[in-house]
Amino acid sequence: MSFLSIEEAKEVAAQLRADDAPYIIIGGGSNLLLTGDYDGTVVRSRIFLACEKGDTVSCGSGVRFDELVEETLRHGLYGLENLSYIPGDVGAAAVQNIGAYGVEVKDLIKHVWAIEIATGELRCFSAEECGYGYRYSRFKDEWRGRYLITQVDFQLSRQFVPHLDYGNIRRELDERHITEPTAMELRTIITLMRQEKLPDPRVLGNAGSFFMNPVVSRQQYEQLAAQYPQMPHYYVDEAHEKIPAGWMIEQCGWKGRSLGRAGVHDRQALVLVNLGGATGREIVELCHAIQHDVSERFGIMLQPEVNIV
């Protein structure tokens with residue numbers, strides 16, 4: 001079941017209320033792992049309209065997020081470039097609070113518009129009301145299944161301020177002798193970096209980064225850093241540090257390994273791949289094996305970023 005406008009979204013909400021049966025709301029499905037056939041209604045936005053007013057861009061929830069990034073840059077609106085080449089739809093990006101290379105979409109979201117399924121009313125939520133955190137929003141938790149997102153408003157800028165200090169961005173720019181990149185050049189670099197380390201799901205089945213990077217207390221980080229001086233980490237605040245899950249998975253010897261028909265990608269340990277014919281349950285079994293080994297070695301339980309149904 002899909003909706004092409006706010007009015008159609010209200011009709012879908014009314015139908016869901018009348019049916020009183022299981023349903024799931026999805027975006028592009030790039031961050032979804034099914035462990036079996038879903039016995040219910042699948043709902044997806046097909047609202048593709050977008051407009052700009054000043055520095056604010058209002059975008060339908062069914063628009064592919066990467067298309068939004070490209071179009072905003074073409075119109076001289078900046079802020080989304082570090083989020084280039086992330087799959088999925090705009091509505092799902094607002095639910096997941098997608099992030100990459102030092103930027104999270106929550107910092108650019110102004111409002112999220114949604115139809116409340118229980119009442120059919122159109123609601124407008126500020127970014128603060130959405131309760132955003134690392135790969136988190138209230139739409140993933142207490143509001144899960146309660147709203148059909150129709151539109152997201154982004155507050156962008158006419159002034160390009162590049163964010164270059166995360167990952168290997170500067171190294172990639174240096175190799176190309178680019179000292180002051182344009183926004184489009186930065187988008188190109190980030191796209192190439194993602195293509196190099198993330199397999200194309202059309203060629204090798206995967207859902208991108210399978211696990212979230214854990215945020216740990218300062219005390220736990222310091223204990224681990226004493227054991228593993230070369231451990232990469234990222235400052236969160238005075239009380240917390242973020243440790244790359246891929247690094248821990250690799251330290252446990254999983255990079256490039258497989259468990260039956262499910263495997264860990266040989267270039268990016270965060271990515272679990274379908275080597276051919278693996279079921280969703282087999283991917284989950286691999287997930288659990290990795291979680292066990294990382295917990296045994298580092299005392300950290302990795303949490304899936306992928307939505308498992």
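Total residues in region 179-212 satisfying the condition of being part of a helix (DSSP H, G or I) and not charged (D, E, K, R): the figure is 10. Taking helices (runs of 4 or more DSSP H) as the structural unit, those lying wholly within region 213-309 and holding at least 3 residues that are closer than 30 Å to Tyr23 by Cβ and touching a residue at least 12 places away in the same chain (Cβ under 8 Å) correspond to 280-298. With respect to the stated conditions, Val264 is more than 16 Å from Leu32 (Cα to Cα), touching a Phe, Trp or Tyr at 6+ places or on another chain (Cβ under 6 Å), modelled with pLDDT of 95 or more and open to solvent by less than 60 Å² (accessible area, probe 1.4 Å). Taken over region 4-16, the criterion of being closer than 14 Å to Glu116 by Cα and either modelled with pLDDT under 95 or of a type in the set (Gly, Ala, Ser) (or both) is satisfied by Ala9, Ala13, Ala14.
Scanning region 220-261 for residues that are within 12 Å of Val294 (Cβ to Cβ) and open to solvent by 50 Å² or more (accessible area, probe 1.4 Å) turns up Glu250, Gln251.
The residue of region 7-28 that is nearest to Val63 (Cα to Cα), among those that are assigned to a strand (DSSP E or B) and out of contact with any Ser or Thr (no Cβ under 6 Å at 6 or more places or on another chain), is Ile26.
Within region 209-264, being of a type in the set (Gly, Ala, Ser) and under 19 Å from the mean Cα position of the chain (by Cα) holds for Ser209, Ala245, Gly246. If you go through region 47-72 and keep only what is under 16 Å from Leu4 (Cα atoms) and hydroxyl-bearing (Ser, Thr, Tyr), you end up with Ser58, Ser61. Among residues of region 105-116 that are of a type in the set (Lys, Arg), those with a Cβ under 7 angstrom from a residue that is modelled with pLDDT of 95 or more, sequence gap 6+ or separate chain, pair up as Lys106/Asn97; Lys106/Ala127; Lys106/Tyr132; Lys110/Thr56; Lys110/Ala127; Lys110/Asp153; Lys110/Phe154; Lys110/Gln155. Applying the criterion of being open to solvent by less than 10 Å² (accessible area, probe 1.4 Å) and out of contact with any Gly (no Cβ under 9 Å at 6 or more places or on another chain) to the residues of region 267-297, the residue that is nearest to Gly208 (Cα to Cα) is Cys287. Return the residues of region 29-67 that are assigned to a loop (DSSP other than H, G, I, E, B) and either under 18 Å from the mean Cα position of the chain (by Cα) or surrounded by 18 or more Cβ atoms within 10 Å (Cβ to Cβ) (or both); say none if nothing qualifies. Selection gives Gly29, Ser30, Asn31, Leu34, Ile47, Ser61, Gly62, Val63.
Every test in (1) over 22 Å from the mean Cα position of the chain (by Cα); (2) at pLDDT 95 or above is passed by His288 save one, and that test is (1). Residues considered: Val203, Val161. Of these, the only one that is loosely packed, with under 11 Cβ neighbours inside 10 Å, within 18 Å of Glu104 (Cβ to Cβ) and either at pLDDT 95 or above or out of contact with any Lys or Arg (no Cβ under 7 Å at 6 or more places or on another chain) (or both) is Val161. Selection of region 164-175 for residues being open to solvent by 60 Å² or more (accessible area, probe 1.4 Å) and not hydroxyl-bearing (Ser, Thr, Tyr) yields Asp165, Asn168, Arg170, Arg171, Asp174, Glu175.
The set of residues in region 68-105 being in a loop (DSSP other than H, G, I, E, B), of a type in the set (Ser, Thr, Tyr) and buried (at least 22 other Cβ atoms within 10 Å of the Cβ) consists of Ser84 alone. Among the criteria (1) without any contact (Cβ under 8 Å) to a residue 60 or more places away in the chain; (2) among the basic types (Lys, Arg); (3) surrounded by fewer than 15 Cβ atoms within 10 Å (Cβ to Cβ), the one Arg146 does not fulfil is (3).
Report yes if Val152 is out of contact with any Pro (no Cβ under 8 Å at 6 or more places or on another chain) and open to solvent by less than 40 Å² (accessible area, probe 1.4 Å), otherwise no. Yes; evaluated as a whole, the condition is true for this residue. Just one of (1) among the charged types (D, E, K, R); (2) at pLDDT below 95; (3) touching a strand residue (DSSP E or B) at 6+ places or on another chain (Cβ under 9 Å); (4) surrounded by fewer than 17 Cβ atoms within 10 Å (Cβ to Cβ) fails for Glu305. It is (4).
The values are calculated or read from the model by the stated rules, or taken from the named source; none is laboratory data. Only a predicted model underlies this, so the values are computations on that prediction, with no experimental measurement involved. We place every Cβ from the backbone using ideal geometry, glycine too, and count neighbours over all the protein chains shown. Quick note on the areas: whole protein, heavy atoms, side chains included, nothing else; ligands and nucleic acids left out. Shrake-Rupley method; radii C 1.70, N 1.55, O 1.52, S 1.80 Å.
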